[in-house]
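Working notes, structure below.
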Amino acid sequence: MACGSCGTTENGVPKGCKSNGNCGSGTCGSGSNKLAVFDWLSNMTLPSGQEKFNIFEVRFKNGRKHFYKNPDNLPITMGDIVATEGSPGHDIGTVSLAGELVKVQMKKRKITADHEDVKKIYRKASQRDIDIWQQARGKEEETQRKGREILGKLGLQMKLSDVEYQGDGNKATFYYTAETRVDFRQLIRDLASAFSIRVEMKQVGARQEAARLGGVGSCGRELCCSTWLTDFRKVTTSAARYQQLSLNPLKLAGQCGKLKCCLNFELDTYLDALKAFPKQDLVLKTEKGDAVFVKMDIFKNHLWYTYKEERFKWFRLTLEQVLEIVEVNKNNEKSISLEEYEADVEIPVKVDFEDAVGQDSLTRFDLPKTNKRKNNNRNKNKKKPVRAAATANNSKPKPNPNQKRKPQAKKQPNQNPNQKPKQNPNSQQKPKPQPKPKPKPQGNANQPEGEVKKVNKPRRNNRNRKNNNPKNDDNSEKK
């Protein structure tokens, strides 16, 4: 069952769980209401003459649950807040299960109706009881912090993991973990004098501590021990060996520091599959020598063997081939070599990613990206000499007719084949001064050079026309 806030709007857009994963209604099985249940027999009527079961399951902080009698036959349903019998005083909890399903839970925990742990329900909690209960719950974090400070002063080898106040605020239970036996008598005196309450110390294991604190596992989901797992069975390293897992404590250990509980979930499936496999200590006798087991792939039914004398080479065999060799060895005969068996094994081709629907390659982000700035800079550098020559020509002073021409002027006659050569390249005489070209009627001829520089048209400059533009030279000679 999910709360209403987890649904969708009229347009089909999800609302989202506004409580960061902790269901506000207490029916999603997470958050403060861990291990929540649903009474699927609530709408069923009992047979005639049968009385309703009068024991209820009440939930407290961090999923702690107990069974309580209802001697006064109060009209109690699931979700009601009730005041129950405590030691001493009373406690406040929420009814998590009622009816015939309570019998199943009591049978599972091996608790009878006349057990001493089955206490009484006093009444439905009033508003005053709820206010006192909420005030006591609000002091738990500060009490835990001060308790750790007192624990550090005494130098005890223990860890204070959680604090839980009783509903009436007169008692607090301190949960701790310790590897060895700890004498905490002085600690109880210091805690009782510091908080003026009755103190109870309860030791829990590493798995119980992780279940109370909660968290997210390596699978990306909330811890099983804090959501639905109620009994913590023993997990050994043999469970990892049967599943052919490497004994790496970093991968096999959970947040509690122990082996993950999920190693037991698929163990039965692996044990059923291993019944068809031969024992790992069985030696195969072949014509080339004895072969020993190395490893196996349970779901592909592949096994790897190697010779005792030549362990550098592993041979992949199928389960049928290994069973065939075992049958041959039972008749005191040696089978053919492992090389011949391996040649008959069909290795499945590994299917890589195929761009079947026109998608991009998965490695498209592996190639280095080209920097656009570098390309732009290269283009600018290519254009730089032209601009530099133009600016250099504009900044050059007016040539003196008495000076020698530069070697660049000798190449100008070759640019235009129709143009007559100005001078003989073999002669070493001084070039004759050319007449100045007439200025165009756009500006004043007597205008100084400083005013010409204001016009941003270097191509119309007389000097450029004289030195670099062959067409201007033709016009000047024709004129």
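The values are calculated or read from the model by the stated rules, or taken from the named source; none is laboratory data. The structure presented is a predicted model; accordingly, all values stated were derived computationally and were not measured. Methodologically, a virtual Cβ is constructed for each residue, glycine included, from the backbone with ideal geometry; neighbour enumeration extends over all protein chains shown. When the accessible area is computed, the model is the full protein with side chains, heavy atoms only, and any ligands, DNA or RNA have been set aside. Shrake-Rupley method; radii C 1.70, N 1.55, O 1.52, S 1.80 Å.
Numbers for the structure displayed
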| quantity | calculated |
| --- | --- |
| Among residues of the stretch 294-303, those that are free of Cβ contacts under 8 Å to residues at least 40 places away in the same chain, under 17 Å from K279 (Cβ atoms) and open to solvent by 50 Å² or more (accessible area, probe 1.4 Å), counted | 1 |
| Test: residue in the stretch 277-289 that is within 26 Å of E342 (Cβ to Cβ), surrounded by fewer than 13 Cβ atoms within 10 Å (Cβ to Cβ) and in contact with a helix residue (DSSP H, G or I) (Cβ under 9 Å, 6 or more places away or on another chain) | yes |
| The stretch 310-325, subset more than 18 Å from P348 (Cβ to Cβ) and of a type in the set (K, R), residue most open to solvent (accessible area, probe 1.4 Å) | R311 |
| Close pairs (6 angstrom Cβ cut-off, 6 or more residues apart or separate chains): without any contact (Cβ under 8 Å) to a residue 40 or more places away in the chain and over 19 Å from Q105 (Cβ atoms) in the stretch 41-65, surrounded by 10 or more Cβ atoms within 10 Å (Cβ to Cβ) and of a type in the set (D, E, K, R) anywhere | none |
| Within the stretch 218-237, considering residues that are over 21 Å from the mean Cα position of the chain (by Cα) and either open to solvent by less than 50 Å² (accessible area, probe 1.4 Å) or at positive phi (or both), the one modelled with the highest pLDDT | V235 |
| Filter result for E200 (closer than 29 Å to V58 by Cα, crowded, with 19+ Cβ neighbours inside 10 Å, out of contact with any Asp or Glu (no Cβ under 7 Å at 6 or more places or on another chain) and among the charged types (D, E, K, R)) | no |
| Flag for R212 being under 29 Å from G147 (Cα atoms) and either more than 35 Å from the chain's Cα centre (by Cα) or surrounded by fewer than 16 Cβ atoms within 10 Å (Cβ to Cβ) (or both) | no |
| Number of positions in the stretch 42-79 that are among the charged types (D, E, K, R) and in contact with a strand residue (DSSP E or B) (Cβ under 6 Å, 6 or more places away or on another chain) | 5 |
| Helices (runs of 4 or more DSSP H) within the stretch 131-230 that include 3 or more residues free of Cβ contacts under 8 Å to residues at least 40 places away in the same chain | 140-154, 185-195 |
| Any chance Q105 is of a type in the set (S, T, N, Q), in contact (Cβ under 8 Å) with a residue 40 or more places away in the chain and part of a helix (DSSP H, G or I) | yes |
| Near pairs, Cβ below 7 angstrom, 6+ apart or cross-chain, from the stretch 265-293 (under 30 Å from C224 (Cα atoms)) to any residue that is among the β-branched types (V, I, T) | Y270/I298; A273/I298; L274/I298 |
| When residues of the stretch 97-142 are limited to those that are open to solvent by 40 Å² or more (accessible area, probe 1.4 Å) and of a type in the set (G, A, S), the one farthest from M44 (Cα to Cα) | G138 |
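Conditions tested, residue by residue: (1) touching a residue at least 60 places away in the same chain (Cβ under 8 Å); (2) basic (K, R); (3) open to solvent by 60 Å² or more (accessible area, probe 1.4 Å); (4) in contact with a helix residue (DSSP H, G or I) (Cβ under 7 Å, 6 or more places away or on another chain).
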| site | (1), (2), (3), (4) |
| --- | --- |
| N248 | no, no, no, no |
| K258 | no, yes, yes, yes |
| Y305 | no, no, no, yes |
| K308 | no, yes, yes, no |
